[in-house]
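Peer 1: Structure below; questions to follow.
The values are calculated or read from the model by the stated rules, or taken from the named source; none is laboratory data. Worth saying up front: this structure is predicted, and the values here are computed from it rather than measured. Note that we place each Cβ from the backbone using ideal geometry, even for glycine, and neighbour counts take in every protein chain shown.
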Amino acid sequence: MISRRDFLQAAMASAALYGGSGFGNWSRLAAQQALTQDDLLSFEKFGNVTLVHVTDIHAQLKPIWFREPEINLGVGKNKGRVPHITGAEFRRFYGIEDGSPSHYALSYDDFVALGQGYGRMGGLDRVSTVVNAIRADRPDALLLDGGDTWHGSYTCYQTEGQDMVTAMNALKPDAMTFHWEFTLGTQRVLEHVQSLPFAALGQNIFDAEWDEPAEYFKPYEMFERGGVKIAVIGQAFPYMPIANPGWMFPEYSFGVRDEHMQEMVDEVRGQGAELVVVLSHNGFDVDRKMAGIVSGIDVILSGHTHDALPEPVVVGETIIIASGSNGKFVSRVDLDVRDGQMLGFRHKLIPVFSDVIAPDPAMTTVIDEIRAPYLADLEEVVGTTDSLLYRRGNFNGSWDDLICQALLEEREAEIALSPGVRWGPSLMPGDPIKREDIWNVTSMTYGEAYRTEMTGEFLKIVLEDVGDNLFNPDPYYQQGGDMVRTGGLGYRIDITKPQGERISDMTLLKTGEAIDPAHSYVVAGWASVNEGTEGPQIWDVVESHIRRMGTVTLDPNNSVQVVTG
Amino acid sequence: MSFTRRQSLALGLGTAAAVALPFRPALAAVEDDIAAFTGGAEVGSGGVTLTAPEIAENGNTVPIEVSAPGAASILVLAAGNPNPGVATFNFGPLAASQTASTRIRLAGTQDVVAIAKMADGSFASDRKEVKVTIGGCGG
């Protein structure tokens, strides 16, 4: 159905991103000369339908630094396949020139040097400019938000998500689906959902008691655009009550539910849908598996795992689009739909270079109004960093090391555990650390930092359990996060082994001694999914640690030895 | 603060205590239960569908559904529970559909097995691994 020619067009459209300044030509001036807003937005209109996809914004209203992962291992069938390639390998796969804007936007290495030239990315006012430009070209384009929108910043926490609802309403999406939104708690989520001027979708959001589709969340919405009947089916994050505190939304049950997805696809086709789009928060590997099981889906707009891919991945007759995170990218997908069939596509992953794309003044005003009451708190400088602070990757990032260090020292613990989440922007060496920056990597509704004792045996079970959530060879048994970050504890992990056999050589770093299964260790951590967890909020712990340090300098962390087989 | 044993089991980072390890102790009991149901007859595949979550949201109450058009009865086993027997659903000749759903308790990550006895006396089975975990934090 998708011809080789159409596929090449898609590749060429995304190839238009590349080029730009040459290798080593890293000054800001050179970057800006090589890169223009017109270049970034140029797109030869194709077919009769346009989809615009944003996802996993994590409440990032302002431009940010965001370093993509260095380590993103795939297992089973996904070993060595996108999105599980990084750095130079990723660039070679997509023909990205070293030192180019795409190198900076899509891969991790030379991040600091390239960042000097290309600047921050994202900012919802820049995203708005991109969306407006696409709408000017195709007024009835569908804008779809993949969720993880109402979470992840100081203002989002203080306003219980109202900041993002207000800002996104100004962007006028046509539908969204959900994940972290539910950690606002059932009552608050429903308040927002019932206020939305667009569709709140999730075919896998079920009533926990009756095990039937939940009220207030429709499985799908039908649209007519460009003379084409389009069904957009929502797929919320399948493992919400497991990965996040289920007690905050006990009324709901989720799961992949691909049988029900098939029923919904058949139902919308029966109602005359000529194009079936799934707006998904499954994570990429789960989406790829689902595309091979459920028939009749034309496009999956994939979210959750924060992958940014410059070309769609094609599974059978389904194309999967991955649009990154934190407002760094906007995907535009043009489709030629005729006689009830998707005949071709053209795609572009638009990188939102904040110094190149002009902010939309109307959205800037909205953002400024949201931030105004909190501005002094947001911008208070707590310390400075000499090191690059980043998180994204399967194992500890430097932000995680700093958080673990804070837990060890401020909470007087032997071992620290920090959740392997994929959100949280980076900071460049020399940057001041503002309160806002700390909240960007810690903000959540269950941020209490606990302090407890765990035996060595129990710690191994923790690592094995989280390891299986990441490295189970069957994507349907993965939850899409990264490995739990550890402080004061080293270990070896063989990702090719089954659960129970992956973790070995656990070492208490303070003494260099092997972890004793029978001994109890003092453990500090945060983000417990357990109701009634007590302790100071993690952002306060990290802030007081940074204040004491003044300037943050981190050594490379070699405490986790990874065996990939 | 202090944690009770129960609370420790649910510390947010994906702590699942002993239940995280696949349970294999009751295999002999499972074989016995299957043999008792089938009388030792060969068990084919296809014709029976077991629907269960890949990862249980709560191991104490896991929703499952079995469906086998034309079946006379369906045996459901939780292969890793200390007592694997869950239920046998019998369908009379007037049953409108041979489908049943219930909620079961799973001691840990394990296979759930459904074996259907068809009207012609043949047997078919389906199985699905259900992971029991307390999870951690996703993206």
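Peer 1: Would you confirm, using the coordinates I've provided, whether A:His304 is crowded, with 24+ Cβ neighbours inside 10 Å and on the phi > 0 side of the Ramachandran plot? Steps first, answer last, please.
Peer 2: Working: crowded, with 24+ Cβ neighbours inside 10 Å: yes; on the phi > 0 side of the Ramachandran plot: yes.
In short, yes.
Peer 1: Return the residues of the stretch B:35-82 that are within 14 Å of chain A (Cβ to nearest Cβ) and acidic (Asp, Glu); say none if nothing qualifies.
Peer 2: Taking the stretch B:35-82 and keeping what is within 14 Å of chain A (Cβ to nearest Cβ), we get B:49-67, B:80.
Selection gives B:Glu54, B:Glu57, B:Glu65.
Peer 1: Count, please, the residues in the stretch A:547-563 that happen to be exposed (fewer than 12 other Cβ atoms within 10 Å of the Cβ) and within 26 Å of the chain's Cα centre (by Cα).
Peer 2: Of the residues in that region, 2 qualify.
Peer 1: Also, I was wondering about something else. Answer yes or no: is there a residue in the stretch A:444-466 that is under 19 Å from the mean Cα position of the chain (by Cα), crowded, with 20+ Cβ neighbours inside 10 Å and at pLDDT below 95.
Peer 2: There is at least one residue in the stretch A:444-466 that is under 19 Å from the mean Cα position of the chain (by Cα), crowded, with 20+ Cβ neighbours inside 10 Å and at pLDDT below 95.
Peer 1: Please go through the stretch A:512-544 and give me each residue that is within 14 Å of chain B (Cβ to nearest Cβ), on the phi < 0 side of the Ramachandran plot and assigned to a loop (DSSP other than H, G, I, E, B), ordered by number.
Peer 2: A:Pro517, A:Ser528, A:Val529, A:Asn530, A:Glu531, A:Thr533, A:Glu534, A:Pro536
Peer 1: Another question, if that's okay. Would you check which residues across the stretch A:250-263 are over 28 Å from A:Leu184 (Cα atoms) and either more than 9 Å from chain B (Cβ to nearest Cβ) or touching a strand residue (DSSP E or B) at 6+ places or on another chain (Cβ under 6 Å) (or both) and list them? Steps first, answer last, please.
Peer 2: Taking the stretch A:250-263 first, the residues over 28 Å from A:Leu184 (Cα atoms) are A:259, A:262-263.
A:Gln262, A:Glu263 - these are the residues of the stretch A:250-263 that are over 28 Å from A:Leu184 (Cα atoms) and either more than 9 Å from chain B (Cβ to nearest Cβ) or touching a strand residue (DSSP E or B) at 6+ places or on another chain (Cβ under 6 Å) (or both).
Peer 1: A further question follows. For the structure I just gave you, tell me whether A:Val165 is of a type in the set (A, V, I, L, M, F, W, C), surrounded by fewer than 21 Cβ atoms within 10 Å (Cβ to Cβ), in a helix (DSSP H, G or I) and under 19 Å from the mean Cα position of the chain (by Cα).
Peer 2: Values: of a type in the set (A, V, I, L, M, F, W, C): yes; surrounded by fewer than 21 Cβ atoms within 10 Å (Cβ to Cβ): yes; in a helix (DSSP H, G or I): yes; under 19 Å from the mean Cα position of the chain (by Cα): yes.
It is true that A:Val165 is of a type in the set (A, V, I, L, M, F, W, C), surrounded by fewer than 21 Cβ atoms within 10 Å (Cβ to Cβ), in a helix (DSSP H, G or I) and under 19 Å from the mean Cα position of the chain (by Cα).
Peer 1: Still on this structure: Could you please find all residues in the stretch A:350-394 being without any contact (Cβ under 8 Å) to a residue 60 or more places away in the chain and closer than 30 Å to A:Leu73 by Cα? Walk me through it before giving the result.
Peer 2: Within the stretch A:350-394, the first condition is being without any contact (Cβ under 8 Å) to a residue 60 or more places away in the chain, and the residues that meet it are A:365, A:368-369, A:372-373, A:375-376, A:379-381, A:391.
Passing the criteria: only A:Arg391.
Peer 1: So, restricting to strands (runs of 3 or more DSSP E) that lie completely within the stretch A:386-455, which ones have at least 1 residues that are within 14 Å of another protein chain (Cβ to nearest Cβ) and not charged (D, E, K, R)? Break it down into steps so the answer makes sense when it comes.
Peer 2: Numbers: elements: A:415-418, A:432-434, A:449-455.
Here the list reads A:415-418, A:449-455.
Peer 1: Being out of contact with any strand residue (DSSP E or B) (no Cβ under 7 Å at 6 or more places or on another chain), not assigned by TED's automatic domain parsing to the domain that holds A:Glu44 and not small (Gly, Ala, Ser) narrows it down to one residue among A:Thr385, A:Thr442; which is it?
Peer 2: On the way: A:Thr385 fails: out of contact with any strand residue (DSSP E or B) (no Cβ under 7 Å at 6 or more places or on another chain).
Of A:Thr385, A:Thr442, the one residue that is out of contact with any strand residue (DSSP E or B) (no Cβ under 7 Å at 6 or more places or on another chain), not assigned by TED's automatic domain parsing to the domain that holds A:Glu44 and not small (Gly, Ala, Ser) is A:Thr442.
Peer 1: Would you confirm, using the coordinates I've provided, whether B:Thr15 is out of contact with any Cys (no Cβ under 8 Å at 6 or more places or on another chain), modelled with pLDDT of 70 or more and within 12 Å of chain A (Cβ to nearest Cβ)?
Peer 2: On the way: out of contact with any Cys (no Cβ under 8 Å at 6 or more places or on another chain): yes; modelled with pLDDT of 70 or more: no; within 12 Å of chain A (Cβ to nearest Cβ): yes.
For B:Thr15, the condition - out of contact with any Cys (no Cβ under 8 Å at 6 or more places or on another chain), modelled with pLDDT of 70 or more and within 12 Å of chain A (Cβ to nearest Cβ) - is not met.
Residue-by-condition table, conditions (1) over 25 Å from A:Gly340 (Cβ atoms); (2) assigned by TED's automatic domain parsing to the domain that holds A:Asp211; (3) of a type outside the set (Gly, Ala, Ser):
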position: A:Glu267; (1), (2), (3): no, yes, yes
position: A:Gly270; (1), (2), (3): no, yes, no
position: A:Ser280; (1), (2), (3): no, yes, no
position: A:Asp307; (1), (2), (3): yes, yes, yes
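Peer 1: Search the stretch A:201-219 for residues that are away from every other protein chain (no Cβ under 13 Å) and pair each with any residue that is in a strand (DSSP E or B) and of a type in the set (Asp, Glu) when their beta-carbon atoms are under 8 Å apart and the residues are at least 6 apart or on different chains.
Peer 2: If the second residue must be in a strand (DSSP E or B) and of a type in the set (Asp, Glu), the pairs left are A:Leu201/A:Glu221; A:Pro213/A:Asp207; A:Ala214/A:Asp207; A:Glu215/A:Asp207.
Peer 1: Next question, about the same structure. A:Gly146 passes all but one of (1) in contact with a Phe, Trp or Tyr (Cβ under 8 Å, 6 or more places away or on another chain); (2) over 25 Å from A:Pro373 (Cβ atoms); (3) not aliphatic (A, V, I, L, M); which number fails?
Peer 2: (1)
Peer 1: Another question, if that's okay. Suppose we keep only residues that are small (Gly, Ala, Ser) and within 21 Å of the chain's Cα centre (by Cα) within the stretch A:264-298. Which one would you say is nearest to the other protein chains (Cβ to nearest Cβ)? Show your work before the answer.
Peer 2: Of the stretch A:264-298, the ones small (Gly, Ala, Ser) are A:270, A:272-273, A:280, A:283, A:291-292, A:295-296.
Subset that is within 21 Å of the chain's Cα centre (by Cα): A:280, A:283, A:291.
Values: A:Ser280: 13, A:Gly283: 7, A:Ala291: 17 Å.
Top of the filtered list is A:Gly283.
Peer 1: Among the candidates A:Val333, A:Val313, single out the residue that is surrounded by fewer than 24 Cβ atoms within 10 Å (Cβ to Cβ) and more than 14 Å from every other protein chain (Cβ to nearest Cβ). Even if it seems obvious, please write down each step before you answer.
Peer 2: Numbers: A:Val333 fails: surrounded by fewer than 24 Cβ atoms within 10 Å (Cβ to Cβ).
Just one listed residue meets the conditions, A:Val313.
Peer 1: If you don't mind, another one. Looking at the stretch A:491-510, can you tell me whether even one residue there is facing chain B (nearest Cβ under 10 Å), part of a strand (DSSP E or B) and under 29 Å from A:Ala236 (Cβ atoms)?
Peer 2: No; the residues of the stretch A:491-510 include none that is facing chain B (nearest Cβ under 10 Å), part of a strand (DSSP E or B) and under 29 Å from A:Ala236 (Cβ atoms).
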